[in-house]
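These notes concern the structure reproduced below.
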Amino acid sequence: MSDPTLLVLASLCGGEKHGYAMMEDIERFAGMRLGPGTLYGAITRLEERGWIEPVAAEDRRQPYTLTTSGREHLKTQLDTLDRVLKTAARRLKHA
Amino acid sequence: MKRLIRLAAKLYPGPWRDRYGEEFEALLDDAGVNGRIAFNVLTGAALMQVQRWQKVGTGALLAMGALFAASWWVGQRPYISPGTHQVFRMDTTPGALLEFLVILVLAIVGMMTLARVPRAGRVFAGIAAGYMAAVVLVSLLTPRTIVSIGDSYCWDLWCVGIQNVNATPQGQNIFYTAEVSLFSDATTVQLEVTDQPKRFFYLVDEQGRRFPILAYASLAGPSVTVKPGESVKSSLTFLAPADARKLYLTDDLKWPPWVNLYFGSDLNPFHRRTLLRVV
């Protein structure tokens with residue numbers, strides 16, 4: 001699972017975060033550190049699609065939160081991933 | 001390295017920097033400095049530029065496609081004059097006035113912003129490009145006018161009307177003799193008519209084939225002065241193959257290049273030239 005947009009959605013699922021907080025969080029739960037360019041490429045795409053939105057910022061760091069449609073999209077993606085993982089695990093067992 | 005990262009961040013598209021620039025800078029401050037980050041920011045900027053130009057390119061292609069489709073549609077629907085002895089004109093007067101106004105505005109803006117040359121240049125280029133685009137757009141979306149026999153058409157001061165046409169078959173060709181009236185659209189200026197019509201008029205058929213005038217004869221003599229309100233009866237003779245079903249009279253008069261820039265000018269390369277129906 002290395003799609004940066006999915007990683008950002010998964011990170012924001014735990015609450016609103018700004019860019020650096022997302023980088024740290026993603027490194028913790030996924031074991032990979034997104035570069036600033038990759039992270040903001042994902043943030044740009046997600047905001048264009050209406051899946052995340054900015055919230056009030058106290059300083060230059062801009063926090064983002066998941067929108068309702070973003071939450072639904074994440075759920076759909078995770079359901080698909082879940083089916084893929086279960087199928088792969090079952091087939092691996094019988095291989 | 002820090003300067004390199006800041007430089008790479010400036011390579012993002014302008015609208016993107018307006019929206020995300022400040023928070024991106026904050027992230028760069030927090031993320032630290034190393035070669036991997038510099039490379040990541042650089043590739044991010046390159047990707048963002050590609051995506052931006054993809055959108056602009058797609059939009060431009062769609063707009064061009066729509067414009068050419070509309071232009072083709074208009075091109076299939078020429079305006080055919082009613083044939084009731086009306087006079088039609090290449091109406092360049094409003095175009096000429098507008099062009100004069102644009103030049104005036106450019107001159108004033110240029111003088112006022114002479115101290116800020118780069119900005120003045122952008123304003124100049126913007127107005128000129130907008131004007132050119134509007135002239136081309138009007139030309140592409142204006143149907144062709146076909147002037148019926150009996151009506152007349154004026155290019156600037158010169159007006160021509162075909163009164164009637166006689167056809168005499170000769171083998172696989174047909175001799176046509178068109179009776180035309182030449183007159184002036186001027187209110188005070190007199191025109192001198194010699195053999196110019198033979199030099200600048202020609203025929204064109206529906207396939208785009210051109211046929212020169214074989215003979216021009218003025219009933220008033222080889223050289224005649226046409227006063228405002230007067231007209232000169234003349235005849236034009238030409239030969240065309242029998243398979244030329246539609247024939248039109250038009251001209252290739254050489255005009256000053258700025259006439260191309262008038263709105264509604266027949267001479268604009270994007271404009272469908274007015275034709276006088278002969279057959």
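Each value in this text was obtained by applying a stated rule to the coordinates, not by laboratory testing. All figures in this text were calculated on a predicted structure; none of them were measured in a lab. So basically every Cβ, Gly included, is an ideal-geometry build from the backbone, and we count neighbours across all protein chains shown.
Report, in deg cm²/dmol and to the nearest 500, the calculated mean residue ellipticity at 222 nm for chain A, where each DSSP H run with n ≥ 4 adds -39500 (n - 2.57) and the sum is divided by the residue count. Could the numbers behind the result be given before it?
Details: 4 runs with 61 residues, N = 95.
Computed ellipticity for chain A at 222 nm equals -21000 deg cm²/dmol.
At full extension, B:Lys233 and B:Lys55 could sit 58.1 nm farther apart than now, given 0.36 nm per residue minus the alpha carbon distance.
Rounded to whole numbers, the Karplus 3J(HN,Hα) couplings from phi for region A:30-43 are 10, x, 9, 9, 6, x, x, x, 5, 4, 6, x, 5, 4 Hz, using 6.51 cos²θ - 1.76 cosθ + 1.60 with θ = phi - 60°, and x at Gly and Pro.
For a 4.7 Å threshold on C-beta separation, the list of partnerless cysteines in the protein assembly as shown reads A:Cys13.
Using just the helices of chain B, give the 222 nm mean residue ellipticity in deg cm²/dmol: DSSP H runs with n ≥ 4 each add -39,500 (n - 2.57), and the total is spread over all residues, rounded to 500. Don't skip to the end; give the middle numbers.
Numbers: 6 runs with 116 residues, N = 279.
Counting only the DSSP helices, I get -14000 deg cm²/dmol.
In summary, the lysines within cross-link reach of B:Lys227, defined as a Cα separation below 25 angstrom excluding same-chain residues under 8 places away, comprise B:Lys198, B:Lys254. Towards the positive end of the charge dipole of the protein assembly as shown, with charges on Cβ (+1 Lys, Arg; -1 Asp, Glu), say which of B:Val160, B:Gly14, B:Gly121 has the farthest Cα. Toward the positive end, the furthest listed residue is B:Gly14. For the options B:Leu214, B:Leu182, B:Leu104, a Gaussian network treatment of chain B with springs between C-alpha atoms closer than 10 Å singles out B:Leu104 as fluctuating the most.
The B:Leu7 and B:Val105 beta-carbon pair, evaluated with R₀ = 41 Å, returns a calculated FRET efficiency of approximately 0.60.
Return the loop-located GluC sites (Glu not before Pro) in region B:153-235 (DSSP other than H, G, I, E, B) with at most 13 other Cβ atoms within 10 Å of their own Cβ; answer none if there are none. Write out the running numbers ahead of the final one.
Numbers: sites: B:Glu179, B:Glu192, B:Glu206, B:Glu230; in loops: B:Glu206, B:Glu230.
Within region B:153-235, the qualifying GluC sites (Glu not before Pro) (loop, at most 13 other Cβ atoms within 10 Å) are B:Glu206.
Listed by chain and number, the lysines whose alpha-carbon sits under 24 Å from that of A:Lys75, ignoring those within fewer than 8 places in the same chain, are A:Lys17, A:Lys86.
Calculate the mean, over all residues of peptide A:17-25, of how many other protein chain Cβ atoms lie within 10 angstrom of the residue's Cβ.
On the way: counts 0, 4, 8, 8, 2, 1, 3, 2, 0.
For peptide A:17-25, the averaged partner shielding equals 3.
With a 10 Å cut-off around each Cβ of B:36-46, the average count of Cβ atoms from other chains is 4.
Please label the shape of region B:206-274 as rounded, prolate or oblate, based on the square roots a ≥ b ≥ c of the eigenvalues of the alpha-carbon gyration tensor (a/c under 1.5 means rounded; beyond that, a/b larger than b/c means prolate, else oblate).
Working: a/c = 2.51, a/b = 1.08, b/c = 2.32.
Oblate, because a/c is 1.5 or more while a/b does not exceed b/c.
Please compute the contact order of chain B in relative form: average sequence separation of alpha-carbon pairs under 8 Å and at least six residues apart, divided by the residue count, as a percent. Across chain B, relative contact order equals 19 percent.
Defining a contact as two alpha carbons under 8 Å apart and six or more residues distant in sequence, what relative contact order in percent does region A:4-94 show? Write out the running numbers ahead of the final one.
Working: 93 pairs, mean separation 27.4, N = 91.
Taking the mean separation of contacting Cα pairs over the length of region A:4-94, I get 30 percent.
Using 0.36 nm per residue, how much length does the chain from B:Leu97 to B:Asn34 gain when fully extended, once their Cα-Cα distance is taken away? Walk me through the numbers on the way to the answer.
On the way: separation 63, 0.36 × 63 = 22.68 nm, distance 6.17 nm.
So the extension gain works out to 16.5 nm.
Along region A:44-50 the Karplus relation, 6.51 cos²θ - 1.76 cosθ + 1.60 evaluated at θ = phi - 60°, assigns HN-Hα couplings of 4, 4, 5, 5, 4, 7, x Hz to successive residues, with x for each Gly and Pro. Here's how it looks for B:Val180: its modeled amide H is under 5 Å from those of B:Gln163, B:Ser234, B:Ser235, B:Leu236, which are all 5 or more places away or on a different chain. Rank B:Asn34, B:Asn268, B:Asn173 by mean-square fluctuation in a GNM of chain B with C-alpha springs under 10 angstrom and give only the top-ranked residue. Comparing B:Asn34, B:Asn268, B:Asn173 in a Gaussian network model of chain B, the most mobile one is B:Asn34.
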